[in-house]
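Engineer: Take this structure first; my questions come after.
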Amino acid sequence: QVQLVESGGGLVQPGNSLRLSCAASGGSLSPYVLAWFRQVPGKEREFVAALKWSDGRIADVEFLRGRFSISRDNAKNTVFLQMNSLTPEDTAVYYCAARWLNPSHSARDYNYWGQGTQVTVSS
């Protein structure tokens, strides 16, 4: 079973950058996909990006491409979300999630979740 702990959220001004971290534990990550979602009150969790640990294959969404990117540190079993040129519309709770085998854009397909980290973009 995978345990996920996010960190790195906070208050940031528009136009600035932030990097979120998700530390995974509980065994080998080879069978898993690690993903980032975000959620604002009253809305469903929105897929941001995913990384398949075994081969590094990345899945993302076009509307965030160029500003957000997912990466990993194999030695630390950590996945990152680099967020650049942040806007107030990026304000949300950001969650790390994991599932077996292949990426999915649906939050319902993920079995393991972190506690979330708040990102607030405001001047």
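The values are calculated or read from the model by the stated rules, or taken from the named source; none is laboratory data. These numbers come from a predicted model, not from an experiment. Virtual Cβ from ideal backbone geometry, glycine too; neighbours counted across all protein chains shown. Side chains are part of the model used for accessible areas, which takes the heavy atoms of the whole protein and leaves out ligands, DNA and RNA. Shrake-Rupley method; radii C 1.70, N 1.55, O 1.52, S 1.80 Å.
Engineer: Taking the Cβ of VAL12 as the centre, find all other residues whose Cβ is under 15 Å away and add up their charges (Lys, Arg: +1; Asp, Glu: -1).
Structural biologist: +1
Engineer: Simple spin-label model, 7 Å along Cα-to-Cβ: ASP55 to GLN13 in nm?
Structural biologist: With each label point 7 Å from Cα toward Cβ, the separation is 4.4 nm.
Engineer: While we're here: Could you compute the net charge surrounding PHE63? Neighbours are other residues with a C-beta less than 14 Å from the C-beta of PHE63; K and R count +1, D and E count -1.
Structural biologist: -2
Engineer: In addition: Just the number, please: carbon plus sulfur as a percent of the accessible area of the range 56-112, 1.4 Å probe, no ligands or DNA/RNA counted.
Structural biologist: Details: 1460 of 3070 Å².
Exposed carbon and sulfur together represent 48 percent of the surface.
Engineer: Also, quick follow-up: Quick one: net charge around TYR95, please, counting Lys, Arg +1 and Asp, Glu -1 for every other residue with C-beta under 9 Å from its C-beta.
Structural biologist: +1
Engineer: If the elastic network links every pair of Cα atoms under 10 Å, which of LEU51, LEU81, LEU101 fluctuates the most in the Gaussian network model of the chain?
Structural biologist: Largest GNM mean-square fluctuation: LEU101.
Engineer: Still on this structure: For ASP73 and GLU89, compute 0.36 nm times the residue count separating them, minus their Cα-Cα distance, and round to one decimal in nm.
Structural biologist: So the chain would gain 3.0 nm between ASP73 and GLU89.
Engineer: In Å², what does the accessible area per residue of the chain work out to with a 1.4 Å probe?
Structural biologist: Ligands and nucleic acids excluded, the figure is 51 Å² per residue.
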